[in-house]
Every structure is written in C-alpha cells, then in structure tokens.
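> Okay, here's the structure, questions in a sec.
Computed from the coordinates by the stated procedures, all read-outs in this text should not be read as laboratory data. This one's a predicted model, so the numbers in the text were calculated from it and none came from an experiment. Cβ sites come from the backbone with ideal geometry, for glycine too, and all protein chains shown count toward neighbours.
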Amino acid sequence: MSTYQQEIDHISTLCQIQGTAWNAINPEYATRMRLQNRFRTGLDIAKYTAKIMRQDMADYDKDHNDYTQSLGCWHGFTAQQMMMAVKRHQKTTKKSYVYLSGWMVAALRSDFGPLPDQSMHEKTAVANLIEEIYTFLKQADARELDHLYKDLDRARATGGDVSAIINQIDNFETHIVPIIADIDAGFGNEEATYLLAKKMIEAGACCIQIENQVSDAKQCGHQAGKVTVPHEDFLSKINAVRYAFLELGVDDGIIVARTDSLGASLTQKIPVSRTPGDLASQYNSFLDTTPVNSPDDLKDGDMTMKIDGQLVKPVRLDNGLYQFREGTEKQRVVLDCITSLQSGADLLWIETEKPHVKQIAELVNEIKETVPNAKLVYNNSPSFNWTLKFREQVYQEWQAQGKDVSAYPDPSVDAKALMHSTMDATDLAKEADLLVQNFQRDGAREAGIFHHLITLPTYHTAALSTDILAEGYFGDLGMLAYVRDVQRQEIRREQASVKHQDLAGSNIGDTHKEYFSGDNALKAGGEANTMNQF
C-alpha cells in the first residue's frame with residue numbers, strides 16, 4: 001500500500017496532466033478520500049480478509065493458544081461498535097472477526113417479520129447484511145482517519161510535529177476483519193447454494209459456513225426435528241461454494257462444514273451404494289432397521305435393503321422420514337467431519353448440546369487420527385444455560401472425586417436450585433465461573449477449537465439494555481434512567497457513540513463540503529453544535 005505522501009504525489013501528477021481543468025482539485029484532499037475508502041468492492045474485502053484468516057489458521061496450527069474470536073451481529077452498526085470497541089480496548093483488531101448468524105437474520109432482518117431459524121427468510125437478506133456490515137466498518141475507518149487529518153491540519157497550523165501523525169496515517173489499522181457468514185443448509189439445491197454463495201462473496205464474505213441438514217426441513221442447531229442429508233448431497237454443496245470462490249478469484253476462500261448429526265436422528269433420503277464400503281453404504285449402516293426373514297415381514301409400501309449381507313427394512317416414520325439407530329450419533333459426526341475435510345472443507349463446526357471441553361475433545365481427537373490438522377469453529381451458544389451446565393459439571397466432578405457436596409442442591413433432583421442467586425458466592429459457583437472464563441482458552445488448547453463465536457449475543461444485549469432502560473425511564477427514574485445508565489456511561493467509557501453526529505458521519509460530510517465548495521460550504525458543525533458539550 002502506498003504511503004500518504006506517495007498518494008499525494010501520484011494524484012499531483014494526474015492533476016498536472018489534466019492542466020487547468022483540474023485546478024480546483026487538491027491532491028492531498030483526494031488522497032485523504034482515497035485512503036478513507038481503501039476497499040472499493042466486496043471482492044477486495046473478501047480477498048484481503050481471506051489472507052488474514054488463512055494466516056490466523058497457520059498461526060493456530062503452530063500454537064493452539066493463538067485462537068480467534070467473534071460475536072454475532074445482526075446490523076452493521078452493532079458490528080461497527082464491536083470492532084471499534086475491540087480496537088479501542090485491545091489496541092488491535094487482530095484475531096477478531098464478525099459472525100453473521102442466519103438465526104438473527106431470520107429473527108430480525110426478514111420482511112416477513114420475526115421468523116424461527118428454518119431458512120424461511122429471504123436468501124438475499126444474508127448477502128445484504130454482509131454488505132451492510134462492511135459499509136459500517138468502512139465508515140469507522142473514514143471517521144477515524146478524518147480525525148487524524150484534522151489533527152494533521154492543526155499541527156501544521158500551530159507549527160507542531162506532523163511526522164508522528166503521518167506515521168499513524170501510514171500505519172492505520174483498518175476495522176475491516178473477516179466475516180464468517182452462515183448460509184444455513186444452502187437455501188435449496190447445489191445450484192441455489194452456488195448462486196447465493198456468489199452473492200455473499202461479492203458482498204465481502206471470505207468464509208462461508210454450511211450445514212448438513214435438509215434445506216427445506218432446516219431447524220435451529222439447538223432444537224429437535226433435525227434431518228440430515230447423505231454425504232454426497234452435502235459434498236456437492238461444499239463443491240458449489242468452492243466453485244463460487246474460484247469463479248470470483250477468491251482462491252483462498254474458507255469453507256466451514258457444520259455437522260448437526262450429534263442431535264439429528266432422522267434422514268429424508270437413503271443414498272444408493274455403488275461399491276462396498278462407500279459413503280452411501282456407511283451412511284446407511286447407521287439406519288435403524290429390522291430383519292426381513294420372509295415376505296410376511298413386509299407391509300404394503302415397505303422397502304428393503306441389504307446391509308452386511310442381511311436383508312432388512314429401515315424404520316420409517318409416519319411422515320416418511322427414516323430413523324438412525326440410537327447411539328450412532330458420535331460415529332456419524334466423526335464420519336461427517338472427516339469426509340468434509342477430505343472433500344474441500346477447511347474448518348469444522350460440530351453442534352453440541354452443551355459446552356463441555358472433554359466431550360468436544362473426544363470427537364476432535366478421533367477426527368485428528370485421520371486428518372491431523374483438523375480445526376473447529378465452535379458455537380458458544382446462548383442456547384446453553386452456561387451457569388447451570390458448568391455448576392452441574394463442577395458438582396459431578398467434585399462428587400466423583402469424593403468431595404463433600406452435601407451443602408449444594410443435587411442437580412439430578414433440583415437443577416434449578418443451582419441457579420439461585422444465593423449460590424453465586426459459593427465455592428462451587430466460583431469454580432464454575434472460572435471454568436466458563438477459561439472455556440475458550442481450554443477449548444482452543446485441548447479440543448482443537450481455532451475459532452470461538454457467540455451466535456446471538458447482540459440479540460440478547462439489545463433486549464437486555466432496552467429492558468433496563470425502559471424499566472427506569474417509564475418508571476420512577478424518568479430521564480435519569482437514560483442519563484445515569486446510558487449517556488454518563490458512554491462518556492466515562494469514552495465511547496464514540498456519545499458524539500452521535502460525528503459517529504453518523506456529520507463531520508466527514510462537513511470535511512467533504514470544504515473540499516468541494518471551499519469557503520462557500522454550508523456546514524453542520526461550528527460553535528452552536530451541541531456535540532461540543534462532549
């Protein structure tokens with residue numbers, strides 16, 4: 001990337017070539033605008049962020065303490081505020097991503113209104129949100145650089161040292177980070193998956209997550225009724241996403257293959273086995289079947305198949321779906337993961353019923369016996385009751401170690417009692433909280449988790465903060481509820497949002513008006529602007 005001065009020199013040359021026609025163009029102003037809009041297209045972003053994510057994956061392979069994180073965002077503004085906070089507090093955006101949740105698109109972004117996580121929302125809403133998120137992240141860059149340009153102008157006007165400010169401009173760290181984008185089960189057949197993947201990549205996605213559920217029967221990963229597809233169907237969609245990346249020139253795009261087999265007991269389709277031991281026969285071997293010894297064992301409409309030399313009929317439910325044998329869940333997960341990695345996926349996602357490092361590690365370690373560098377993206381889901389599950393875990397571990405747990409409620413008798421606020425100060429609760437605090441570090445080190453994300457955090461933070469404000473504002477506190485619990489906190493935390501006009505782009509607009517109109521510019525800023533109170 002060119003330096004600030006190199007860009008000025010380049011545009012100065014362009015202006016000289018144009019002669020007097022471009023006399024009104026200030027090369028330094030044009031340079032500033034260029035640097036504020038470093039990423040021209042979504043494909044520029046996808047190519048840039050794919051390289052970042054690939055390097056992060058390589059770093060993790062060398063050191064499992066070097067994991068990455070993200071929070072799910074349902075609006076460009078939440079993504080912007082998250083990355084601005086990360087940069088302000090951590091001093092860098094490295095190893096921090098944005099997660100785009102299909103659940104939140106369904107619940108908060110559909111023209112149909114709030115929907116369950118069943119792929120009923122408009123598929124275009126996913127790509128539109130990616131574009132929106134990057135628009136807001138680019139605006140965060142523009143705002144921060146605009147402040148640096150003003151600092152530079154003030155330093156020049158007062159005869160101050162400008163070298164440090166120019167160095168900040170030359171070494172500016174963008175708010176643009178990778179997005180892991182949820183394509184659900186592909187919104188249709190493999191062609192539909194390819195078409196949507198292209199839209200998502202064109203919007204800026206360098207990483208697409210796809211799951212092995214039936215597209216038109218898709219359920220939330222933490223609900224019942226999940227129906228998986230045979231491997232051949234899932235792998236065709238992985239291929240479709242890869243072709244989309246290659247067509248658009250994002251050669252190092254990342255695919256996350258998600259398996260829901262741990263919580264899925266149903267399949268819609270029985271694949272045709274062509275050779276002994278192929279994927280179709282392995283998939284079918286997990287089916288719940290009953291032996292067929294004679295035609296009398298069959299009813300009208302029953303189907304039969306041969307598994308391991310035995311004629312059997314698969315158990316078929318009234319809705320026409322077929323059932324897997326109980327106890328095959330982990331075997332199916334491992335096979336799903338291995339075949340996905342061997343067929344073009346880069347990362348895995350295993351949807352689990354609880355956040356337990358040892359359970360995750362057991363699955364990942366078995367996968368690593370075949371694919372040694374297998375890595376996981378893990379959903380630190382709000383669907384888990386983290387407090388309860390970790391208090392149960394500590395109780396059970398202490399009980400197994402022979403510790404006296406008589407002072408605590410037995411979770412097998414009354415689990416809800418473990419959640420009571422009177423438990424918060426107990427040794428058991430403190431130990432559980434420590435496990436929660438270290439969960440991501442432990443999972444990265446012991447269970448192959450490269451990336452930790454929370455799918456729906458900003459859904460819950462919006463609900464919680466609005467509830468707290470509404471309770472006070474419409475109650476006895478009145479305006480103090482906003483002043484004390486919102487504005488005063490923004491000021492003391494030095495959040496950009498307290499100067500909402502500046503954050504929304506008012507000062508950038510004034511700057512541009514000066515560029516375009518000079519002294520004739522009609523600006524919104526000035527002494528009368530109430531933002532000066534902050």
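> Which of LEU456, GLY475, ALA429 sits farthest toward the positive end of the charge dipole of the stretch 424-495, with +1 on the Cβ of Lys and Arg and -1 on the Cβ of Asp and Glu?
Selected residue: LEU456.
> Fewest to most neighbouring Cβ within 10 Å: what's the order for GLU247, GLU28?
By the 10 Å Cβ count, ascending: GLU247, GLU28.
> Could you tell me the relative contact order of the chain? Use alpha-carbon pairs under 8 Å, at least six residues apart, and round to a whole percent.
Across the chain, relative contact order equals 14 percent.
> Still on this structure, please answer the following. How many angstrom lie between the C-alpha centres of the stretch 51-106 and the stretch 410-472?
20
> Counting DSSP beta bridges with both partners in the chain, what percentage is antiparallel, nearest 5?
Roughly 25 percent of the DSSP beta bridges within the chain come out antiparallel.
> Packing-wise, with mean Cβ within 10 Å as the measure, how do 469-481, 49-61, 231-243 rank, highest first?
Put in order of decreasing packing, that is 231-243, 49-61, 469-481.
> Continuing with the same structure: Would you check the stretch 354-462 for Lys pairs whose C-alpha atoms are within less than 18 Å, ignoring same-chain pairs closer than 8 in sequence, and give me the count?
For the stretch 354-462, qualifying lysine pairs total 9.
> A further question on this structure: Choose one of VAL364, GLN396, ILE8: the residue whose Cα lies farthest towards the positive end of the charge dipole of the chain (beta-carbon charges +1 Lys, Arg; -1 Asp, Glu; about the Cα centre).
The residue sitting farthest along the positive end of the dipole is ILE8.
> With everything on Cα atoms, drop me the angle between helix 386-400 and the longest principal axis of the chain, reported from 0 to 90° to the nearest 10.
Rounded to the nearest ten degrees, it is 50.
> May I ask for the angle, rounded to the nearest 10°, between helix 357-368 and the longest principal axis of the chain, with both axes built from Cα atoms and the value confined to 0 to 90°?
Between the helix axis and the principal axis of the chain, the angle is about 80 degrees.
> Report, to the nearest 10°, how far helix 457-473 tilts away from the longest principal axis of the Cα atoms in the chain, using its own Cα long axis and a range of 0 to 90°.
60
> Under 5 Å between amide hydrogens, which residues at least 5 positions from LEU311 or on another chain qualify, with H placed 1.01 Å from N in the peptide plane?
The answer is VAL292.
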